[in-house]
Amino acid sequence: MFEDLRDLYQEVIFDHNRNPRNFREMEDSNRKVEGFNPLCGDRMTLFLKVEGGIIQDASFQGSGCAISTASASLMTEIVKGMTEKEADEQFEILHKITTSEDEVENLEELGKLAVLAGVREYPARVKCATLPWHTLSAAIENKEASVSTE
Ligand code: ZN
């Protein structure tokens, strides 16, 4: 199981880094938050369009390492169409699967999020993977601010 996860992780990270989804500025966003991970130097700006509590659109720009870029790319795909609460729950799950020592359960149910569980093999990179999600969390709380992982 874990071997499969590692392969999947590397494959998906590579793909999303080379070809990031939703990598664009959003003209009609109503949430915009900047995130910074000083440990690695990852910087990103997250754009959301939230209407009636639902994330109608999500996009990002910035420059970061492969893991932060791929995580942001995956995240914008995952949360699009979700309610703010659902998106917050995804972050909680991600936090659990990236920091827990336990075997990850129900990987299939986690869908795309499961890929990011692979980052726990590389503890120094967990902040790269979670930066976009910290930024999302601030955007959901409607903070027009900057976020740092430190
Ligand atoms: Zn990084």
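The values are calculated or read from the model by the stated rules, or taken from the named source; none is laboratory data. Predicted, not measured: the structure shown is a model, and the values here were computed from it. Cβ atoms come from the backbone with ideal geometry, glycine included; neighbour counts cover every protein chain shown. For the accessible areas, the whole protein counts, side chains as well, though only heavy atoms, and no ligand, DNA or RNA atoms are used. Shrake-Rupley method; radii C 1.70, N 1.55, O 1.52, S 1.80 Å.
Numbers for the structure displayed
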| item | result |
| --- | --- |
| For region 46-63, 3J(HN,Hα) per residue [Karplus equation, 6.51 cos²θ - 1.76 cosθ + 1.60, θ = phi - 60°, Hz, x = Gly/Pro] | 9, 10, 10, 10, 10, 9, x, x, 10, 7, 6, 8, 9, 8, 8, 9, x, 9 |
| Calculated diffusion of region 2-144, Stokes-Einstein form, Kirkwood radius summed over Cα pairs, 10 °C and 1.306 mPa s, µm²/s | 106 µm²/s |
| Eligible lysines near Lys127 by straight Cα distance, threshold 17 Å, same-chain separation 8 or greater | Lys96 |
| Carbon plus sulfur fraction of accessible area for region 40-100, probe 1.4 Å, in percent | 48 percent |
| Neighbourhood net charge (15 Å Cβ-Cβ; Lys/Arg +1, Asp/Glu -1) for Asp28 | +1 |
| Accessible area of region 1-132 divided out per residue, in Å², using a probe of 1.4 angstrom | 51 Å² |
| For region 10-118, with +1 on Lys and Arg beta carbons and -1 on Asp and Glu, the positive-most of Thr76, Ala114, Ser29 along the dipole | Ser29 |
